[in-house]
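Notes to accompany the following structure.
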């Protein structure tokens, strides 16, 4: 019999939950829970699908959970990728559970996730793809996200049928 263990993902969830529960606008908080956790899980799925191990998928999920942290915390979208990267670094350092290399990997992906037109590192691309995947899957009939090139590539990669 296996006993549930607390992981670094659980540690980060406490920060994300605390920030979102402090939001005065409950609709913003609801959207934050759906988006941040949805992108985190999509990151883990994509990382595993692309052949990475579970440890890498854990880091990808954490990047997804923190990628828009500042946008929800500060209720401001402007320059949110860079601000979220800075806030994520503070959180990850504060936990004392991550190496400097892991922190750099996560924070670099967060800082670049808004730049969907350029191709960066593997972690960066996982986060970008997870972000567009979550936006599309939250409402699969919405044409705006469905028509994006990254979504179309993900549909092909995951061999999704009947998406037209």
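The values are calculated or read from the model by the stated rules, or taken from the named source; none is laboratory data. Remember, it's a predicted structure, so these values are computed and weren't measured experimentally. Using ideal geometry, Cβ is built from the backbone for each residue, glycine included, and neighbour counts are taken over all protein chains shown.
You will find that of 90, 10, 17, the residue that is more than 16 Å from the chain's Cα centre (by Cα) and either free of Cβ contacts under 8 Å to residues at least 24 places away in the same chain or part of a helix (DSSP H, G or I) (or both) is 90 and no other. On inspection, residue 52 passes the criterion of being surrounded by fewer than 21 Cβ atoms within 10 Å (Cβ to Cβ) and touching a helix residue (DSSP H, G or I) at 6+ places or on another chain (Cβ under 9 Å). In summary, residue 117 fulfils each of the numbered conditions (1) assigned to a loop (DSSP other than H, G, I, E, B); (2) under 21 Å from residue 36 (Cβ atoms); (3) modelled with pLDDT under 95 with the single exception of condition (2). Scanning the stretch 93-140 for residues that are over 15 Å from the mean Cα position of the chain (by Cα) and surrounded by 20 or more Cβ atoms within 10 Å (Cβ to Cβ) returns a single hit, 98.
Residues that are exposed (fewer than 15 other Cβ atoms within 10 Å of the Cβ), in contact (Cβ under 8 Å) with a residue 24 or more places away in the chain and over 16 Å from the mean Cα position of the chain (by Cα) within the stretch 23-48 comprise 25, 28, listed in sequence order. When the stretch 1-22 is filtered for residues that are modelled with pLDDT of 95 or more, farther than 17 Å from residue 61 by Cα and exposed (fewer than 13 other Cβ atoms within 10 Å of the Cβ), the ones remaining, listed by number, are 18, 21, 22. Screening the candidates 110, 103 for the property of being more than 22 Å from residue 133 (Cα to Cα) and either assigned to a loop (DSSP other than H, G, I, E, B) or modelled with pLDDT of 95 or more (or both) yields one hit, 103.
Restricting attention to the stretch 72-87, the residues being part of a helix (DSSP H, G or I) and more than 16 Å from residue 109 (Cα to Cα) number 2.
Taking residue 52 as the residue in question, decide whether it is at pLDDT 95 or above and within 26 Å of residue 75 (Cα to Cα). So residue 52 fails the test. In the stretch 98-119, the residues that are at negative phi and free of Cβ contacts under 8 Å to residues at least 60 places away in the same chain reach residues that are buried (at least 16 other Cβ atoms within 10 Å of the Cβ) and outside any helix (DSSP H, G or I) with C-beta atoms within less than 6 angstrom, at least six apart or across chains, in these pairs: 110/67; 113/67.
Scanning the stretch 137-153 for residues that are part of a helix (DSSP H, G or I) and over 20 Å from residue 110 (Cβ atoms) gives 137, 143, 144, 145, 146, 149, 151, 152, 153. Would you check if residue 39 is closer than 19 Å to residue 126 by Cα, at pLDDT 95 or above and in contact with a helix residue (DSSP H, G or I) (Cβ under 7 Å, 6 or more places away or on another chain)? So residue 39 passes the test.
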